[in-house]
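The values are calculated or read from the model by the stated rules, or taken from the named source; none is laboratory data. Predicted model only: the values in this text are computed from it and were never measured. Cβ placement follows ideal geometry from the backbone for every residue including glycine, while neighbour counts extend to all protein chains displayed. Quick note on the areas: whole protein, heavy atoms, side chains included, nothing else; ligands and nucleic acids left out. Shrake-Rupley method; radii C 1.70, N 1.55, O 1.52, S 1.80 Å.
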Amino acid sequence: MRKSYAVPLGLLGAGAATFGYASVIERNWFRLRRFDVPVLPPGRPPVKILHLSDAHLTPGRSRLIHWVRSLDALEPDLVVNTGDSLSHRDAIGPFLDALGPLLDRPGVFVYGSNDLFSPVLKNPLRYIWRTSKSDYGRSRREPDLPYREFGSALQAAGWLDLNNRIGRLKVGELDVEFGGIDDSHIDRDQYDRIAGPVDPQADVHLGVMHSPEPRNLDRFTADGYDLLLAGHTHGGQVCVPFYGALATNCGIDRPRVKGLHKHQGSWLHVSAGLGTSPKAPMRFCCPPEASLLTLVPRK
């Protein structure tokens, strides 16, 4: 009888240890990724972009808040936030506290679905065969998080709201043109409002979005944007060693679920994000991250 219980008890113990590691250790094992992106005209000085995404912040995440605040020491020239910053209606103050001195730097932002809708309990395994887009239907039409107040607070600090908008900023010595869209995951993207060729007078052109849907990536690239920035995927959140992400939760292919890649004539950076939904608080083989992208001259 004892032997018959040994295997299932062993598996149960291994599962509990894995969950403990994924939810306690790796979920709080923040990392900074660095990339050089050759998109600048020859002779232009490098520019540093801090890319933040998917914090899914709740008021009690003190380690996450302190780590993000420490990133100001990198002295980025620009901060780009690609959404899903909130997961609680009382998280605006803590998120602004996390940004801290970063708010004094040039910044831009778009929303993700979880800036508007609070998280709900769901079976995470279903992401393997479907995305969460269908969760936002007739039963969840009205946002229940204060996203407008959140956006107003960022704008009050001087950051640009790029939800279905064009924008322009002086970043270091560069004239940077931005095009941004609201979250395609809940059908709030309206690319037609920003469609058209980029201004050739700008030094560099950045496309900003939450979810890296190929149909929008194609349009950004066709319009001449040099670098596209997105989040949403969590890098897969739970990955298998030597295989990678099981799912992307959007239309992007698995090999580009995170990191820097090419998309036709543009560069694409997908952040694996800083957090998780409070209803699925774990990461495995996919630590939370922010990225420092250094724009350098094309060769």
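Each residue in the range 192-235 was checked for being under 16 Å from residue 268 (Cβ atoms), open to solvent by 10 Å² or more (accessible area, probe 1.4 Å) and either free of Cβ contacts under 8 Å to residues at least 12 places away in the same chain or in a helix (DSSP H, G or I) (or both), and 6 of them qualify. Take the residues in the range 259-275 that are of a type outside the set (Ser, Thr, Tyr) and assigned to a loop (DSSP other than H, G, I, E, B), then tell me which one is farthest from residue 225 (Cα to Cα). Taking the candidates together, the pick is 275. Starting from residues that are touching a Gly at 6+ places or on another chain (Cβ under 7 Å) and of a type in the set (A, V, I, L, M, F, W, C), keep the ones in the range 241-282 and report whichever is farthest from residue 99 (Cα to Cα). Checked the range 241-282; the qualifying residue farthest from residue 99 (Cα to Cα) is 246. Could you look through the range 156-171, keep only residues that are more than 19 Å from the chain's Cα centre (by Cα) and open to solvent by 50 Å² or more (accessible area, probe 1.4 Å), and pick out the one that is farthest from residue 220 (Cα to Cα)? By that ranking, first place goes to 156.
Of all residue pairs spaced 6 or more apart or on separate chains, those with beta-carbon atoms under 6 Å, a first member in the range 255-270 that is over 17 Å from residue 205 (Cβ atoms) and a second member that is among the charged types (D, E, K, R) are 270/258.
One residue stands out among those in the range 69-88 that are open to solvent by 40 Å² or more (accessible area, probe 1.4 Å) and either of a type in the set (A, V, I, L, M) or more than 16 Å from residue 49 (Cβ to Cβ) (or both): the one that is modelled with the lowest pLDDT, which is 88.
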